[in-house]
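Student: This structure is in structure tokens; I'll ask about it shortly.
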Amino acid sequence: MKQSITLGKVTKFMGLGFLSTLKDLFTGKLEKEDFINFLRKVVVPLASVLLFIGLWHMGSQSLYNIEAEFKIEKALNDQGPAAAEAMRECIASGDVSCKPNTLPSPAQVWDSYKSLLRDHNIISADKAAFIEKTAALNEKRIAEGKDAITYTGRPSFVDQIFRSLKTVFAGFLLALVIAVPLGIFIGLSPTLKSSFNWFIQIFKPVSPVVWYLLVFMIVKTLLIDSNEDSSFTISFISVGLCSMWATLVNTAMGVSSVDKDYINVAKVLKLGPFQKIFKVVLPSSLPLIFTGLKITLSVAWMVLIAIELLAQSPGLGLFVWEEFQNGANDSNAKIIVAMFVIGIIGFLLDRLMLTIQNWVSFDKTDAI
Amino acid sequence: MATIIKDKANVTLTENGLFPSSEVMLDLKNLKKVYPTPKGDYVVLEDLNLQIKKEEFVTIIGHSGCGKTTMLSMIAGLNPISGGNISVLSKHIKGPGPDRGVIFQAPSLMPWMTALQNVLLGVNQVFPDATKKQRNDIAKYYLQKVGLEDSFNKRASDLSQGMQQRVGIARAFAIKPKVLLLDEPFGMLDSLTRGELQDILIEIWNKEKITAVMITHDVDEAIFLADRVVMMTSGPKAKIGDVLNIDFERPRTRKSVLEHDDYYKYRKHLIDFLEH
Ligand SMILES: Nc1ncnc2c1ncn2[C@@H]1O[C@H](COP(=O)(O)OP(=O)(O)OP(=O)(O)O)[C@@H](O)[C@H]1O
Ligand SMILES: [Mg+2]
């Protein structure tokens, strides 16, 4: 009995079932009975996206008008009617110097997105050229025992995304490595559970900012002798500590609530502690552990932005902060682009976890 | 020296009504169980005495809540003893162990493992010195015996209730326990499946002759499977109320049992006890 893996199955498995409906639509495989389903799964979501963009457009338009009116009013009050008229003309001409600074429209955001991509292409080309140019020199330098020359140009938006992903995965791994074993120990022993409870209750609600400061104090002292940039270390440790609690609590809960029948089987068979944990306790608490890990990853991604910003660690958070500080004419639009990128990546990370969870879980109905 | 007397049912007894110790597999002496409750102690079992011989199949019936599961889980070592003692081959038990295999009411398989892995879990534990192939062969042998030769590699969670309980039977026999404890193993199955599993159970048992204690609510099942049916009084302070010897020859078939002249006599005896 070999099961073929079709696109439909894979996408459904990943919770992206609507993709296969779309495929059916284009390949003409859609039956009449599927039409309602198609409406519900494709047309309605699409309509809601359009509605959202429409509302956004109107909202940004009216905010723009409020801001423009205010500017003209201000010019009128401060400098008289001539200045007001000049301001009106200036705004109408779309000149950068007097452009009302407010929520950008969808079109502006789209433009910024394209310009960020262009920027990325330019920087990548630049980088590639640099690497090519220095390749021979670097080989020589390495042969002479000197450090290679590295590219130190400005990172592009796409580079920032990858740095953020790197930080979030490092933080997530740290959370996993700490929280899962600790959760197992806590879950196995009621004594440990009650003695660790205060610890969990107190540290769980602590805000990312405080975690960052705490990690900063410790890491700064520990790395006092090294002149390396510690911002990455600090930010991934903060992300890990901030996000590990859901996994810790869920693992402990999963381990302590293993079906009594399974424990009885383990007792009757006299399984040793190692066997008991790896053959019975862990597999049976896997669904809960994964639910915890899923929450951990999404929390990690959420706090990452704030922590990168505080730590001045390169990534999307720093990108947003720099754009905000910089106040260039398309900064607001770039911030919104970053917002969407952050949201979409967060969604994809969640899907990724769900897919892994479905993969390892024995109970297919458990996944949320 | 104790004089040996013979009772009606052809069972050898010493004069104080006990079996000679060389024949006894499982011995419950003055067994007592107390559950502490908010309203004070609840004495479930008191002065419960029961001896089960080697290679004997005993079924236990009694009203719901009288303490059958309590007694069985104490024999399994999963439930602490409040008074008296339990011994297997004259040795007091200390906690659970694979010398007393258990088939639970719920199949209690690890749903993430295959049928084979579930049986191997026990086999690996009990025969650590056997080669991998030998252990595999043992597990497969018992899975074949319960009719699952086509389902070795199916996940337990993908098997039907009846098939899961078959794996439960295979797992219990495969560890070659001294005593097999069964707590209403077929209670959750439909009557057709139940009949099938009774046949499978008795077929393996005829071959292995592992001393068995089985709780059941089903009078016909109790008679069909047992050498003796033990009736427990209603709690609190439940003890053994009556014991009925079933003298049908083995191996038995369902048909021969149902057609036997004594069948309705036995049945009436048990039902009278339960309705009492
Ligand atoms: N852990 C416990 N704490 C307190 N009381 C208990 C506990 N377990 C069982 N009891 C009580 O002890 C009595 C005997 O329970 P037990 O489960 O042994 O009965 P049973 O004969 O197996 O019943 P059934 O036929 O319904 O399975 C019941 O009254 C039950 O409420
Ligand atoms: Mg019971």
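The values are calculated or read from the model by the stated rules, or taken from the named source; none is laboratory data. A quick note: this is a predicted structure, and the numbers were derived from the prediction, not measured. All Cβ positions, glycine included, derive from the backbone under ideal geometry; neighbour counts span all protein chains shown. Surface areas here come from the heavy atoms of the whole protein model, side chains and all, with no ligands, DNA or RNA. Shrake-Rupley method; radii C 1.70, N 1.55, O 1.52, S 1.80 Å.
Student: Got at least one residue in the range B:63-73 being within 16 Å of ligand 2 (Cβ to nearest atom), of a type in the set (Val, Ile, Thr) and open to solvent by less than 30 Å² (accessible area, probe 1.4 Å)?
Tutor: Yes, some residue in the range B:63-73 is within 16 Å of ligand 2 (Cβ to nearest atom), of a type in the set (Val, Ile, Thr) and open to solvent by less than 30 Å² (accessible area, probe 1.4 Å).
Student: Pull up the range B:185-201, narrow it to residues that are within 16 Å of ligand 2 (Cβ to nearest atom), out of contact with any His (no Cβ under 9 Å at 6 or more places or on another chain) and touching a residue at least 40 places away in the same chain (Cβ under 8 Å), then point me to the one that is most open to solvent (accessible area, probe 1.4 Å).
Tutor: So the residue we want is B:MET188.
Student: May I ask you to verify whether A:SER230 is out of contact with any His (no Cβ under 8 Å at 6 or more places or on another chain), surrounded by fewer than 21 Cβ atoms within 10 Å (Cβ to Cβ) and among the polar types (S, T, N, Q)?
Tutor: It is true that A:SER230 is out of contact with any His (no Cβ under 8 Å at 6 or more places or on another chain), surrounded by fewer than 21 Cβ atoms within 10 Å (Cβ to Cβ) and among the polar types (S, T, N, Q).
Student: Here's a follow-up. Quick check on the range B:79-131: of everything there that is over 28 Å from B:ARG155 (Cβ atoms) and among the β-branched types (Val, Ile, Thr), which residue is most open to solvent (accessible area, probe 1.4 Å)?
Tutor: Among those residues, the one meeting the criterion is B:ILE81.
Student: Working carefully through the options A:LYS2, A:LYS29, A:LYS12, A:LYS41, find the one that is closer than 30 Å to A:VAL360 by Cα, at pLDDT below 85 and more than 35 Å from the chain's Cα centre (by Cα).
Tutor: Exactly one of A:LYS2, A:LYS29, A:LYS12, A:LYS41 is closer than 30 Å to A:VAL360 by Cα, at pLDDT below 85 and more than 35 Å from the chain's Cα centre (by Cα), namely A:LYS2.
Student: Could you tell me which numbered condition B:SER108 fails, if it satisfies all but one of (1) farther than 25 Å from B:LYS209 by Cα; (2) within 16 Å of ligand 2 (Cβ to nearest atom); (3) touching a helix residue (DSSP H, G or I) at 6+ places or on another chain (Cβ under 6 Å)?
Tutor: Checking B:SER108 against (1) farther than 25 Å from B:LYS209 by Cα; (2) within 16 Å of ligand 2 (Cβ to nearest atom); (3) touching a helix residue (DSSP H, G or I) at 6+ places or on another chain (Cβ under 6 Å), the one that fails is (1).
Student: Oh, and also: Among the residues of the range B:76-86, is there at least one that is touching a Pro at 6+ places or on another chain (Cβ under 9 Å) and within 16 Å of ligand 2 (Cβ to nearest atom)?
Tutor: yes
Student: Turning to a different aspect of this structure: Here is a list: A:ALA86, A:ALA125, A:ALA47. Which entry is assigned to a helix (DSSP H, G or I) and under 26 Å from A:ILE161 (Cβ atoms)?
Tutor: Going through A:ALA86, A:ALA125, A:ALA47 in turn, the sole match is A:ALA125.
Student: Would you pick out the residues in the range B:40-57 that are under 19 Å from B:SER234 (Cα atoms) and either open to solvent by 40 Å² or more (accessible area, probe 1.4 Å) or away from ligand 1 (no atom under 11 Å from the Cβ) (or both)?
Tutor: The answer is B:ASP41, B:TYR42, B:GLU46, B:ASP47, B:LEU48, B:ASN49, B:LEU50.
Student: Name the pairs whose Cβ atoms lie under 7 Å apart, with the first residue in the range B:172-184 and open to solvent by 10 Å² or more (accessible area, probe 1.4 Å), the second within 16 Å of ligand 1 (Cβ to nearest atom) and part of a strand (DSSP E or B), and 6 or more positions between them or separate chains?
Tutor: B:ASP183/B:ILE215; B:GLU184/B:ILE215
Okay, residues lined up against (1) modelled with pLDDT under 90; (2) crowded, with 16+ Cβ neighbours inside 10 Å; (3) within 20 Å of B:LEU180 (Cα to Cα); (4) not aromatic (Phe, Trp, Tyr):
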| site | (1), (2), (3), (4) |
| --- | --- |
| B:PHE224 | no, yes, yes, no |
| B:VAL230 | no, yes, yes, yes |
| B:THR233 | no, yes, no, yes |
| B:ALA238 | no, yes, no, yes |
| B:ASP247 | no, no, no, yes |
| B:LYS268 | no, no, no, yes |
| B:ILE271 | no, no, no, yes |
| B:LEU274 | no, no, no, yes |
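Student: I would also like to ask the following. Regarding the range A:338-358, can at least one residue be identified that is within 14 Å of chain B (Cβ to nearest Cβ), open to solvent by less than 30 Å² (accessible area, probe 1.4 Å) and in contact (Cβ under 8 Å) with a residue 60 or more places away in the chain?
Tutor: Checked the range A:338-358: at least one residue is within 14 Å of chain B (Cβ to nearest Cβ), open to solvent by less than 30 Å² (accessible area, probe 1.4 Å) and in contact (Cβ under 8 Å) with a residue 60 or more places away in the chain.
Student: Same structure, new question: Take B:GLN134 and tell me if it is open to solvent by 10 Å² or more (accessible area, probe 1.4 Å) and either within 10 Å of chain A (Cβ to nearest Cβ) or over 25 Å from the mean Cα position of the chain (by Cα) (or both).
Tutor: Spelling it out, B:GLN134 is indeed open to solvent by 10 Å² or more (accessible area, probe 1.4 Å) and either within 10 Å of chain A (Cβ to nearest Cβ) or over 25 Å from the mean Cα position of the chain (by Cα) (or both).
Student: Could you go through the range A:188-206 and let me know if any residue there is open to solvent by less than 60 Å² (accessible area, probe 1.4 Å) and under 23 Å from A:GLN357 (Cα atoms).
Tutor: No, the range A:188-206 has no match at all.
Student: Hey, can you tell me all the residues within the range B:71-105 that are away from chain A (no Cβ under 13 Å) and either more than 16 Å from ligand 1 (Cβ to nearest atom) or of a type in the set (Gly, Ala, Ser) (or both)?
Tutor: Answer for the range B:71-105, where residues must be away from chain A (no Cβ under 13 Å) and either more than 16 Å from ligand 1 (Cβ to nearest atom) or of a type in the set (Gly, Ala, Ser) (or both): B:SER82, B:GLY83, B:GLY84, B:ASN85, B:SER87, B:VAL88, B:LEU89, B:SER90, B:LYS91, B:HIS92.
Student: When you go through B:LYS68, B:LYS32 one by one, which is the residue that is more than 9 Å from ligand 1 (Cβ to nearest atom) and either in contact (Cβ under 8 Å) with a residue 24 or more places away in the chain or away from chain A (no Cβ under 14 Å) (or both)?
Tutor: B:LYS32
Student: Now, a different point. If A:VAL268 meets every condition in (1) open to solvent by less than 20 Å² (accessible area, probe 1.4 Å); (2) over 30 Å from B:GLY95 (Cα atoms); (3) within 14 Å of another protein chain (Cβ to nearest Cβ) apart from one, which number is that one?
Tutor: Of (1) open to solvent by less than 20 Å² (accessible area, probe 1.4 Å); (2) over 30 Å from B:GLY95 (Cα atoms); (3) within 14 Å of another protein chain (Cβ to nearest Cβ), only one is false for A:VAL268: (2).
Student: Hey, could you check the range B:142-161 for residues that are in contact with a Leu (Cβ under 7 Å, 6 or more places away or on another chain) and open to solvent by 10 Å² or more (accessible area, probe 1.4 Å) and say which is nearest to the other protein chains (Cβ to nearest Cβ)?
Tutor: Across the range B:142-161, the extreme among qualifying residues is B:ASN153.
Student: While we're here: Kindly establish whether B:ILE60 is more than 14 Å from chain A (Cβ to nearest Cβ), within 12 Å of ligand 1 (Cβ to nearest atom) and touching a strand residue (DSSP E or B) at 6+ places or on another chain (Cβ under 8 Å).
Tutor: Criteria met by B:ILE60.
Student: With A:VAL280, A:VAL258 as the choices, which residue is outside any helix (DSSP H, G or I), in contact (Cβ under 8 Å) with a residue 12 or more places away in the chain and open to solvent by less than 40 Å² (accessible area, probe 1.4 Å)?
Tutor: When all the criteria are applied, what remains is A:VAL258.
Student: Further question on the same structure: State which residue pairs qualify: first residue under 25 Å from A:GLU323 (Cβ atoms) and inside the range A:143-156, second residue charged (D, E, K, R) and open to solvent by 60 Å² or more (accessible area, probe 1.4 Å) in any location, beta carbons under 6 Å apart, and separation of 6 or more residues or different chains.
Tutor: A:TYR151/A:LYS127
Student: Does B:VAL44 qualify as being in contact with a Cys (Cβ under 9 Å, 6 or more places away or on another chain) and closer than 26 Å to A:VAL265 by Cβ?
Tutor: Judged against the criteria, B:VAL44 is a match.
Student: List, please: which pairs have Cβ atoms under 6 Å, are six or more places apart or on different chains, and start with a residue in the range A:90-107 that is over 15 Å from A:ALA328 (Cβ atoms) and end with one that is in a helix (DSSP H, G or I) and among the aromatic types (Phe, Trp, Tyr)?
Tutor: Matching pairs, first to second residue: A:PRO106/A:TRP56.
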